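A quick write-up on the structure given underneath.
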Amino acid sequence: MNFEIKPLSNERVCAEKCDALVVLLPHNFQAGEDAVSALASLALKSGDLQAKTGQLLTTYRPTDMAATRLVLVGAGDGSAKSVRSAVNAAISSLKGSNAKRVLLDLNFLSTAANAQASAAVLACADACYVFTTTKPKASVSAIERIVFTAATAPAVTAMKAGFEAGIALAKGIDLAKEWGNRPANHATPTMLANAAKELGKLPGIKVEVLGPKEVAKLGMGSFMSVAKGSREELRFIVLHYNGAAKTAAPVVLVGKGITFDTGGISIKPSADMDEMKFDMCGAASVLGTFRTLADLKPAINVVGLIPACENMPDGNAVKPGDVVTSMSGQTIENLNTDAEGRLVLCDALTYAERFKPAAVVDIATLTGACVVALGGVRSGVFSADEQLVKRLLDAGDSALDLCWRMPLDDDYAEGLKSNFADVANVAGRAGGAVTAAKFLQRFTTKYPWAHLDIAGTAWKSGKVKGSTGRPVGLLVEFLLATAALPAQQLPKAATKASAKSAANSAQTTALKVPKAPVKRVAKPRQASLIRSA
Ligand code: BES
Ligand code: MN
Ligand code: ZN
């Protein structure tokens, strides 16, 4: 789809030919002297429209307007969130029509800024998204072009950065949705790696893919144990985005890439098991984020790590009670082969040490318990680093891709004790999202770390079953905000530490590990594009 933004007064909007004119009407709507204003005033006065967010009133061939269709849509308080819902409702209402060229009139928003522009672009993209890879005959949206209008040139300027960021973000979110939605036979670890390699053709991005041999050489015994039951070869995908000086410590994103999770020998019930094709949505969000970085080119270095494999039952599969040795040196007793996400992530988290990262954020559809705790509204964020948590929460708020802080008290790790290994991969049912995070935390002692459990937010079930593309918005916003931080406020990179010492520092030593500053030469260049100025 094509987007454009241009200054156009409402008088001129009325004269502009288009297949559909969508007009956002907030509660504080102020009528002008034009035909759109006259009609909107009438509708509001009569009570047929209350400007409630998402409320629609559609007219065919409205008088004194060049548009074929007019869609009046309530935009509530005019906030980015309301704009998102309003635009989504209005554009979705055009789905059945053959409207190709749409004019989106934002002139009545009193505070239209970057946040609203970005939200509007993302809502258009979301409303028009159709998955066609394995359903080529799916009816796609006829919309080809959406032209945004603001009343004046300065009003356009106030929205331009958000508008552009929205377009770049939409591409990343679309990519994340595409890979999330693909059935597991169309999204094997190898195919996921090939998708990453495609991204490697974009400017600023480099991609390396490791196979079973390289992963064995690295000693990723935990990751390898999960892949053992599958006929599909595992892949360990490493992406680099370089937007800052080589010496600038990167942010590392680690995405869970279980392309299908049967549960393994601890097999899941059959009902809804198909949804476990979404168990690589963490990985998809990393790919989507890199897609967007390539367009926005922020001054930051980012590494993406994706351990990708299937979790299958098989004669050769890892068994409950098996003890494996992770890359960190810590031994792990596999008490439930369905708790496989943490087993692939822990080795990726150890691998991350080599980049001396400024921060590591892992993104995973990790626990059903997180779905129970937070539902589909907010992702769970777990971190002992107050600054990092705040930055992730803020990024989520700005991007309308919310998360919520969850606890990490050491007491939650009690149940992970094992008589046969350094740690077990599961504790009891209670606090399952937290005990999973406590397991991961043992592998993150060398850098500031946060974990995002996106099991509830990455996809929707039921009639609207499909990937949401979350949390690409949150991650991109977080990286843009990080790129804009003054150098002294950036988290300090950790000292290089051997895998052995990682193994020995078992519990919550994240705050005790001595850290040496790394020289930064990267100049902050790009502030948050989504947040309103
Ligand atoms: N991929 C699942 C988590 C999941 C479950 C996400 C349901 C969305 C919906 C993960 O690998 C898993 O199976 N976790 C187990 C952990 C348990 C065995 C400790 C879970 O949540 O049930
Ligand atoms: Mn599982
Ligand atoms: Zn899983």
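Figures for the structure shown
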quantity: Heavy-atom SASA rank of Y412, Y351 (probe 1.4 Å, accessible area, largest first); calculated: Y412, Y351
quantity: Restricting the range 139-239 to trypsin sites (Lys or Arg not before Pro) in coil, as DSSP defines it, with at most 15 other Cβ within 10 Å; calculated: K201, R231
quantity: Extension reserve of the K201-K217 stretch, reckoned as 0.36 nm per residue once the Cα distance is removed; calculated: 3.0 nm
quantity: Cα-based shape type of the chain, given that a ≥ b ≥ c are square roots of the gyration tensor eigenvalues and the cut on a/c is 1.5; calculated: prolate
quantity: Gain in span if fully extended, Q30 to K17, counting 0.36 nm per residue against the direct Cα distance; calculated: 2.3 nm
quantity: Exposure rank, largest accessible area first [W404, W179; 1.4 Å]; calculated: W404, W179
quantity: Percent of beta bridges antiparallel (DSSP, the chain, rounded to nearest 5); calculated: 40
quantity: Set K246/K417; K177/K228; K17/K135; K228/K390; K160/K356 screened for pairs whose C-alpha atoms are more than 32 Å apart; calculated: K246/K417; K17/K135; K228/K390; K160/K356
quantity: Antiparallel bridge percentage (DSSP; both residues within the range 2-177; nearest 5); calculated: 20
quantity: Share, in percent, of DSSP beta bridges within the range 205-489 that are antiparallel, nearest 5; calculated: 50
quantity: In nm, spacing of pseudo-spin labels at N242 and S270 (7 Å Cα→C-beta vector); calculated: 5.3
quantity: Long-range amide H partners of N301 with built H, under 5 Å; calculated: G243, A244, V251
quantity: Centre separation in Å (Cα based) which lies between the range 144-198 and the range 278-309; calculated: 13
quantity: Accessible area of the chain belonging to carbon and sulfur atoms, whole % at 1.4 Å probe; calculated: 53
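The values are calculated or read from the model by the stated rules, or taken from the named source; none is laboratory data. This structure is a prediction, so every number in the text was calculated from the model and none was measured. Methodologically, a virtual Cβ is constructed for each residue, glycine included, from the backbone with ideal geometry; neighbour enumeration extends over all protein chains shown. The accessibility values were calculated without ligands, DNA or RNA, using every heavy atom of the protein model including side chains. Shrake-Rupley method; radii C 1.70, N 1.55, O 1.52, S 1.80 Å.
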